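Here the structure is laid out as structure tokens; the discussion comes afterwards.
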Amino acid sequence: MLAPYRFDTESPRRLTPEERAALEVYLEPVKRERAERVVVDRGRAGHYPVQVRFSDVDVYRHVNNVVYYEYFQEARIRLFMELGRGMPRVRALQVVVARTDGDYLAPIMLRAV
């Protein structure tokens, strides 16, 4: 969940029509239940491949749960960079991440490339 935010007044703000149009393609058509497996249409959604780093894993050789949110942040930064290129007239999109959560369905393991 993302919330546009004005840092000068320290308050949330409404999306501009240009921002709403640019973000609308990422809108999920139906609110999903927790733990429901969702198949993402890669034609609509962005794709951000992740390289698991050695420092991301614990002694059991799987990615620590906290690191998933670092991956999400990296992908979010890339998404906003790409959205900014598509909206030259729109000023910088400033947002605050109000909430993040995830359902761990399977571990990510460190594998040799």
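Tabulated data for the structure shown
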{"quantity": "Residue in the range 57-78 that is surrounded by the most Cβ atoms within 10 Å (Cβ to Cβ), counting only those that are hydrophobic (A, V, I, L, M, F, W, C), in contact (Cβ under 8 Å) with a residue 24 or more places away in the chain and outside any helix (DSSP H, G or I)", "calculated": "63"}
{"quantity": "When residues of the range 60-81 are limited to those that are within 14 Å of residue 49 (Cβ to Cβ) and among the aliphatic types (A, V, I, L, M), the one modelled with the lowest pLDDT", "calculated": "79"}
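The values are calculated or read from the model by the stated rules, or taken from the named source; none is laboratory data. Quantities reported herein were computed from a predicted structural model and do not represent experimental measurements. Heads up, the Cβs are rebuilt from the backbone with ideal geometry, glycines too, and the neighbour counts pull from every protein chain shown.
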